[in-house]
Amino acid sequence: MIPLDWWPLVSAWVPALASTSMLGIVGAIAGPIYRARIEKSVQHKFDAKLEVLRSQLRQDEEAQKAEVRRRDEQIAALRSGVLSGISSRHAALDKRRLEAVERLWSSMCELSTLKSLSQLTSVMRMDRVLEIASAGGAESDKMKSFLESIWQSYKLDEVKNKGYPIAERPFISPLLWTYFTAYRHILYYPYTLVALGRTGIGADALENKDKTLSIIASVLPHQKDNLDKFGTDLLHHLIDEIDQLILREIERTLTGEDNDKRGMERAAAVITSAAAAFGAASPKIDISMIPDSIAKRD
C-alpha cells in the first residue's frame, strides 16, 4: 500500500505520467505516418525541381546540337562554295591557257613567210647588200629595186603586225614565251634587213643585232661559241632547233598538269594545223637572180 502521505505526490505525477505515456504512444503510432508524408512531400518537390532541371538541360543540349548543326552546315556551304569557286576558276584558267597556246601557235604559223625569207637571206651577204643599197648611184638603185621585189613577193607589209600575241603572255609559261620571243627575233632579223635595204638605209641603223644574238644565246647556251664565231649568219640554222623547243614546251603545258584525252586531242589538232600551214606554198625567188657581188657561193 501507498502511505497516506504519498498520495499528494502520486495524485500530482499520475496525470503527468499518463499524458507523457499517451504522447509517447501517439508519437510512436503517428510518427512514422507523418514522417512518410513529410519525406514524400520533400521527395515530390525534389523530383519536380529535378525534372525541371533535366528539362532545361535537354533544351540546352538540343540548342547546342542545333547550333553545332547550323555551324556545320555553314562550314559545309562555305567549303562547298570555296571549292566550287576554286574548281570553276581552275577550269576557266585551264581553258584560257589552252586558248593562249593555240593563239601562240597560230602566231607562229603567221610567221611562216618570214621563215622562207630567212632561208633566202641566209644565202646572201646581207652586210654587202645594205652597203650597196645605202651607197647611192645606179648600183644602189638596182639593189633597192631588187630588195623591193623581195618585199612585194613575200607581202611583207602584211607581216609587220603579225605574230605577236602579247595579250596571251599572262597565260603562257615564262619558258614558252622566252622560246617564242627568241624565235620571233630570228625571223624578224632578215625582215629588218630587207626593210632597211629597200629604203637605202645602211647597216649602221641596225640596233638590234647584238640584242638578238644575246637572246638566242640565252635560249641556246650550247650554241654561244658558234654565235660568237658566226654571228647573225648562224641565226637561220637555229630556227628549227628553237621550233622543236617550242613544240616540247607546248606539249608540256598541255599534258604536264592536265593529262586528259581532250587536252591531247586539242594539242594534236593544233600541231596538225600548224604543220599544214608551214607546209603551204610560200613565195619563191630564184637564187640565180641574186647578183654575184652579194651572193654566198659554195
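Evaluate the stretch 118-125: report whether one residue or more is part of a loop (DSSP other than H, G, I, E, B) and of a type in the set (Gly, Ala, Ser). Checked against the condition, which is being part of a loop (DSSP other than H, G, I, E, B) and of a type in the set (Gly, Ala, Ser), the stretch 118-125 yields at least one hit. Set side by side, the residues Tyr164, Tyr183 differ, and just one is under 30 Å from Leu247 (Cα atoms), out of contact with any Leu (no Cβ under 6 Å at 6 or more places or on another chain) and open to solvent by less than 60 Å² (accessible area, probe 1.4 Å), which is Tyr183. Phe180 fulfils the conditions (1) over 27 Å from Thr255 (Cβ atoms); (2) at pLDDT 90 or above except for a single criterion, (1).
Count of the stretch 127-142 residues, restricted to those that are open to solvent by less than 50 Å² (accessible area, probe 1.4 Å) and in contact (Cβ under 8 Å) with a residue 60 or more places away in the chain, is 6.
What do you reckon, is Leu114 in contact with a Pro (Cβ under 8 Å, 6 or more places away or on another chain), crowded, with 20+ Cβ neighbours inside 10 Å and closer than 23 Å to Ser218 by Cα? Considered against the rule, which asks whether it is in contact with a Pro (Cβ under 8 Å, 6 or more places away or on another chain), crowded, with 20+ Cβ neighbours inside 10 Å and closer than 23 Å to Ser218 by Cα, Leu114 comes out as yes.
The residue of the stretch 190-216 that is farthest from Gly136 (Cα to Cα), among those that are modelled with pLDDT of 85 or more and open to solvent by less than 20 Å² (accessible area, probe 1.4 Å), is Ile216. The listed residues are Glu102, Glu39, and the only one of them that is surrounded by 10 or more Cβ atoms within 10 Å (Cβ to Cβ) and either modelled with pLDDT of 70 or more or closer than 30 Å to Arg252 by Cβ (or both) turns out to be Glu102.
The values are calculated or read from the model by the stated rules, or taken from the named source; none is laboratory data. Every value quoted in this text rests on a predicted model; they were computed, and no experiment measured them. FYI the Cβ positions are ideal-geometry reconstructions off the backbone, even for glycines, and counts take in every protein chain you see. Accessible surface areas use protein heavy atoms only, side chains included; no ligands, DNA or RNA. Shrake-Rupley method; radii C 1.70, N 1.55, O 1.52, S 1.80 Å.
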